[in-house]
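The values are calculated or read from the model by the stated rules, or taken from the named source; none is laboratory data. Here the structure is a predicted model, which is why all the values come from computation and not from measurement. Here Cβ is always computed from backbone atoms with ideal geometry, including for glycine, and neighbour counts include all displayed protein chains.
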């Protein structure tokens with residue numbers, strides 16, 4: 001992991017059309033270093049998925065900017081956008097909705113290869129697809145199957161292979177494990193980690209489960225109502241939560257110990273009356289918290 | 001807990017030791033190979049086969065289509081050829097002596113052989129009888145069915161071309177484009193097609209071309225609407241988002257993701273629009289603004305038949321039955337297809 005920021009987000013805001021100006025994502029800034037995993041946590045509707053989709057240009061950026069490897073990608077069009085799309089991919093939450101039911105696994109994975117002409121002929125394309133399939137732990141005979149023949153975990157592996165097919169540098173993982181069984185979650189997370197080491201990938205890992213995010217992430221940002229309320233190294237945020245919302249989130253994690261679980265009390269979070277104003281303040285090295 | 005454990009041990013000890021094979025370290029049981037998967041078409045065909053009505057009507061439609069297609073070859077007479085001395089002959093079938101099919105008519109309480117009276121040579125049969133000009137009704141019915149099926153084909157083609165293209169474009173573009181295109185559809189569907197066809201008679205000769213022209217204007221509108229609605233739905237799916245993130249263009253998404261996923265609904269919709277198109281042509285021909293006399297179509301045959309219904313009921317009865325069978329077959333077959341492709345859709 002280097003100190004160089006690969007993705008830099010400045011004052012990013014998203015307003016959904018027709019929502020009478022409500023900001024789904026409100027003026028957030030953060031940066032993701034090359035080769036690291038940046039965890040984004042928060043409750044449902046806090047804007048984390050919106051943020052992820054803006055980063056891969058699936059949603060319009062209402063205001064603010066996103067820079068990728070020094071290039072502003074906020075308003076890219078045409079060829080340049082296509083080239084950015086090759087480098088930035090996304091893995092979706094719902095493995096049942098994210099694969100086209102009418103396409104064979106081979107063609108699902110090869111879609112990116114075809115669009116970006118990454119294979120010179122049919123044979124090379126098939127080779128690339130086979131290699132991707134093997135790397136996500138599926139067997140060659142799965143190539144000619146349809147998505148409905150697979151389990152959730154297997155489907156998510158196909159989704160990962162599809163995202164990796166364009167040889168991206170940056171992957172947005174939009175809650176890739178929250179639709180899976182706990183026993184499968186670990187497999188998929190370990191697969192993601194292995195691929196990251198192998199290909200020097202940079203992840204934005206979106207989740208609502210703080211414990212899993214802590215396991216995979218180097219740094220974490222906690223989102224609440226469209227704002228980042230706390231950000232810092234994963235261990236520091238987890239051990240020394242500064243914002244009351246982060247404390248509340250951590251108190252909601254079940255403990256794998258019946259004694260502790262019996263004693264665990266959830267800390268409810270009551271948001272302050274005052275909504276406007278405030279800034280992120282550096283409380284300790286690289287650990288920022290929102291104060292109003 | 002302890003008790004259950006003991007029971008388990010007991011149950012396991014009932015299995016003879018020889019049934020257990022020790023596993024070598026590092027060895028895991030190979031996953032069983034997957035059963036062969038059915039493709040979309042195979043699966044659909046398997047489901048369709050279970051529906052008896054759909055299979056029967058499909059065979060019936062194939063037979064009717066074959067007969068109509070082969071009309072120029074198998075029709076015993078030219079459909080417009082007149083034999084005035086052989087007019088209004090009842091059906092006569094070889095080796096059948098049932099009244100109504102043996103060429104006799106009831107005259108003053110007695111059965112008389114109309115064929116003998118008209119001096120029809122021995123061995124000459126008119127299976128469906130003849131009309132007021134002595135034209136062979138079997139030949140006319142075959143040619144008329146041909147017209148009906150041609151109209152069906154045109155309706156399906158219009159649906160599949162203009163309807164799909166319009167709906168896909170409108171749905172994929174969305175926003176302002178969609179808004180304008182949908183208003184145009186509303187204006188088009190506001191034109192009453194019957195009035196339009198009648199007005200067309202002022203400019204064009206009545207005939208199949210003016211019927212097709214009228215259908216071009218409005219018959220594909222329901223299809224365009226269905227396709228648009230489905231496109232808007234599919235567009236939101238995550239696999240389309242994934243394709244977009246991969247860099248797929250709108251056109252590619254429309255053709256390679258949206259179209260295959262709405263194909264079932266499209267096929268069903270097209271099948272349901274066919275009977276109404278057939279009926280439209282029949283209706284116009286019956287009114288005399290469709291097919292030009294003397295050409296045969298189910299509508300003109302019915303028109304000729306109903307005038308003499310009291311005297312020669314077979315002249316109306318036979319084309320009516322043919323029309324019913326065609327309409328019913330298309331409807332039941334479409335129904336079967338709908339159950340296969342689109343079980344959620346409740347009405348056509």
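Being surrounded by fewer than 17 Cβ atoms within 10 Å (Cβ to Cβ) and outside any loop (DSSP other than H, G, I, E, B) is the filter; apply it to region A:115-137 and report the residue that is nearest to the other protein chains (Cβ to nearest Cβ). Even if it seems obvious, please write down each step before you answer.
Filtering region A:115-137 down to residues surrounded by fewer than 17 Cβ atoms within 10 Å (Cβ to Cβ) leaves A:117-118, A:120-124, A:126-127, A:130-131, A:134, A:137.
Those still in the list that are outside any loop (DSSP other than H, G, I, E, B) too: A:122-124, A:126-127, A:130-131, A:134.
Values: A:122: 17, A:123: 22, A:124: 18, A:126: 18, A:127: 19, A:130: 17, A:131: 18, A:134: 15 Å.
The extreme case among them is A:134.
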Practice task
Name every residue in region A:236-245 that is under 19 Å from residue A:218 (Cβ atoms), in contact with a strand residue (DSSP E or B) (Cβ under 9 Å, 6 or more places away or on another chain) and without any contact (Cβ under 8 Å) to a residue 40 or more places away in the chain, in order of residue number.
Solution key: A:238, A:241
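Wholly within region B:246-319, which helices (runs of 4 or more DSSP H) include no fewer than the required count, namely at least 1 residues that are closer than 30 Å to residue A:116 by Cβ and touching a helix residue (DSSP H, G or I) at 6+ places or on another chain (Cβ under 6 Å)? Please lay out each step first, then the result.
Working: elements: B:250-253, B:259-287, B:298-307.
The qualifying helices (runs of 4 or more DSSP H) are B:250-253, B:259-287.
Determine if region B:175-194 includes at least one residue that is assigned to a helix (DSSP H, G or I) and at positive phi.
yes
Are there any helices (runs of 4 or more DSSP H) wholly within region A:205-277 with 3 or more residues that are touching a helix residue (DSSP H, G or I) at 6+ places or on another chain (Cβ under 6 Å) and closer than 24 Å to residue A:52 by Cα, and if so which?
Details: elements: A:210-216, A:234-239, A:244-251, A:258-263.
Filter on region A:205-277 gives A:210-216.
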Practice task
Please verify whether region A:163-171 includes one or more residues that are assigned to a loop (DSSP other than H, G, I, E, B), surrounded by fewer than 19 Cβ atoms within 10 Å (Cβ to Cβ), in contact (Cβ under 8 Å) with a residue 40 or more places away in the chain and within 11 Å of chain B (Cβ to nearest Cβ).
Solution key: no
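Looking at A:47, A:35, A:64, which one is away from every other protein chain (no Cβ under 14 Å), touching a strand residue (DSSP E or B) at 6+ places or on another chain (Cβ under 7 Å), touching a residue at least 12 places away in the same chain (Cβ under 8 Å) and surrounded by 19 or more Cβ atoms within 10 Å (Cβ to Cβ)? Can you show your working first?
Working: A:35 fails: surrounded by 19 or more Cβ atoms within 10 Å (Cβ to Cβ); A:64 fails: surrounded by 19 or more Cβ atoms within 10 Å (Cβ to Cβ).
The match here is A:47.
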Fill in the blank from the handout: Among (1) surrounded by 16 or more Cβ atoms within 10 Å (Cβ to Cβ); (2) part of a loop (DSSP other than H, G, I, E, B); (3) more than 14 Å from chain B (Cβ to nearest Cβ), residue A:157 falls short only on (2)
Fill in the blank from the handout: Just one listed residue, out of B:215, B:200, is surrounded by 20 or more Cβ atoms within 10 Å (Cβ to Cβ) and at pLDDT below 85, and it is B:215
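Does residue A:100 qualify as being farther than 24 Å from residue B:44 by Cα, part of a loop (DSSP other than H, G, I, E, B), within 7 Å of chain B (Cβ to nearest Cβ) and under 25 Å from the mean Cα position of the chain (by Cα)?
Numbers: farther than 24 Å from residue B:44 by Cα: no; part of a loop (DSSP other than H, G, I, E, B): yes; within 7 Å of chain B (Cβ to nearest Cβ): yes; under 25 Å from the mean Cα position of the chain (by Cα): yes.
Spelling it out, it is not the case that residue A:100 is farther than 24 Å from residue B:44 by Cα, part of a loop (DSSP other than H, G, I, E, B), within 7 Å of chain B (Cβ to nearest Cβ) and under 25 Å from the mean Cα position of the chain (by Cα).
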Practice task
Report, by residue number, each residue of region A:76-94 that is at the interface with chain B (Cβ under 9 Å from one of its Cβ atoms) and in a loop (DSSP other than H, G, I, E, B).
Solution key: A:92, A:93, A:94
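Could we say that residue A:259 is out of contact with any strand residue (DSSP E or B) (no Cβ under 7 Å at 6 or more places or on another chain) and over 26 Å from residue A:136 (Cα atoms) here?
Numbers: out of contact with any strand residue (DSSP E or B) (no Cβ under 7 Å at 6 or more places or on another chain): yes; over 26 Å from residue A:136 (Cα atoms): yes.
Answer is yes for this residue.
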Practice task
Could you check, for region A:138-147, whether at least one of its residues is in contact with a helix residue (DSSP H, G or I) (Cβ under 6 Å, 6 or more places away or on another chain), within 11 Å of another protein chain (Cβ to nearest Cβ), part of a helix (DSSP H, G or I) and within 26 Å of residue A:68 (Cα to Cα)?
Solution key: no
